Protein chains: 2
Amino acid sequence: MSEPKAEARRLPHPTRLEIRLEGVLHALADPVRLQVVRELAARPDELACSFFELPVSKSTTTYHFRVLRESGVIRQTYHGTAKMNSLREDDLEALFPGLLGCVLTADARQGRHHPEG
Amino acid sequence: MSEPKAEARRLPHPTRLEIRLEGVLHALADPVRLQVVRELAARPDELACSFFELPVSKSTTTYHFRVLRESGVIRQTYHGTAKMNSLREDDLEALFPGLLGCVLTADARQGRHHPEG
């Protein structure tokens, strides 16, 4: 069997101009997805999906990552069989200045008042 | 038939401590609800539900207002048979500083680039 073409391994992402505020807010409105975003924001490197310890099934995890990718919040690229994830901070900051920081700050404040998450 | 008791005309609202970030983000993630929030933010007074010209049915409008109320974004009070609406800006600013302003700014920027809404 021949190797799959490189193009088949690329995941579709919205361009910067295709990113919609409602999609970004919807993506961030889920606690599991917000946890992913929080952890990506805290580290300079790309993180593999397997890095994240999420309180949901593997298929639900895959769904959450797809929502984050399709809304333009994260970029996913294949490194071999692993999907590596990074925040599209430049795009989000260009479109919606301060929004990501504001949401993460709000999330941190809520975490202090509602330790159950 | 006797008058309904005043208590029966009050609508349930979350207390400030019960307001959750994910609920607020979910509420704001819908363009119709964001339009309501935008219009409330632009005016100092309470606005009746009938004030808003929304591109959806009456029952959908009622649903959207309920989502906004139950998430803690708006306060609704009866004045006679009309429901009057106001933003819970104090609560939101205390819990999530700058979030509302950030989202409204992002929405305004998107409106300039995507005039279809």
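Quick note: the coordinates plus some simple rules give every number you see, no bench work behind them. Model, not experiment: these values are computed from the prediction. In this analysis, Cβ positions are derived from the backbone assuming ideal geometry, glycine residues included, and neighbour counts consider all displayed protein chains.
Inspect all residues belonging to region A:97-113 and state whether any of them is buried (at least 17 other Cβ atoms within 10 Å of the Cβ), in contact (Cβ under 8 Å) with a residue 12 or more places away in the chain and touching a strand residue (DSSP E or B) at 6+ places or on another chain (Cβ under 9 Å).
Within region A:97-113 (the criterion being buried (at least 17 other Cβ atoms within 10 Å of the Cβ), in contact (Cβ under 8 Å) with a residue 12 or more places away in the chain and touching a strand residue (DSSP E or B) at 6+ places or on another chain (Cβ under 9 Å)), the answer is yes, since at least one residue qualifies.
Under 8 Å by Cβ, and 6 or more places apart or on different chains, what pairs join a residue from region A:13-33 that is farther than 18 Å from residue A:93 by Cβ with one that is of a type in the set (Asp, Glu) and in a helix (DSSP H, G or I)?
From region A:13-33, the pairs are A:29/B:22; A:30/B:22; A:31/B:22.
If you scan region B:19-28, which residues turn out to be at the interface with chain A (Cβ under 7 Å from one of its Cβ atoms) and buried (at least 22 other Cβ atoms within 10 Å of the Cβ)?
B:21, B:25, B:28
Name the single residue, out of those in region B:58-117 being outside any helix (DSSP H, G or I) and of a type in the set (Gly, Ala, Ser), that is farthest from the other protein chains (Cβ to nearest Cβ).
For region B:58-117, the residue satisfying everything is B:80.
So residue A:80 fits all but one of (1) touching a helix residue (DSSP H, G or I) at 6+ places or on another chain (Cβ under 7 Å); (2) on the phi > 0 side of the Ramachandran plot; (3) not aliphatic (A, V, I, L, M); what number is the exception?
For residue A:80, the exception is condition (1).
Evaluate region A:38-47: report whether one residue or more is in contact (Cβ under 8 Å) with a residue 12 or more places away in the chain, assigned to a strand (DSSP E or B), surrounded by 14 or more Cβ atoms within 10 Å (Cβ to Cβ) and at negative phi.
Looking for residues that are in contact (Cβ under 8 Å) with a residue 12 or more places away in the chain, assigned to a strand (DSSP E or B), surrounded by 14 or more Cβ atoms within 10 Å (Cβ to Cβ) and at negative phi, one finds at least one in region A:38-47, hence yes.
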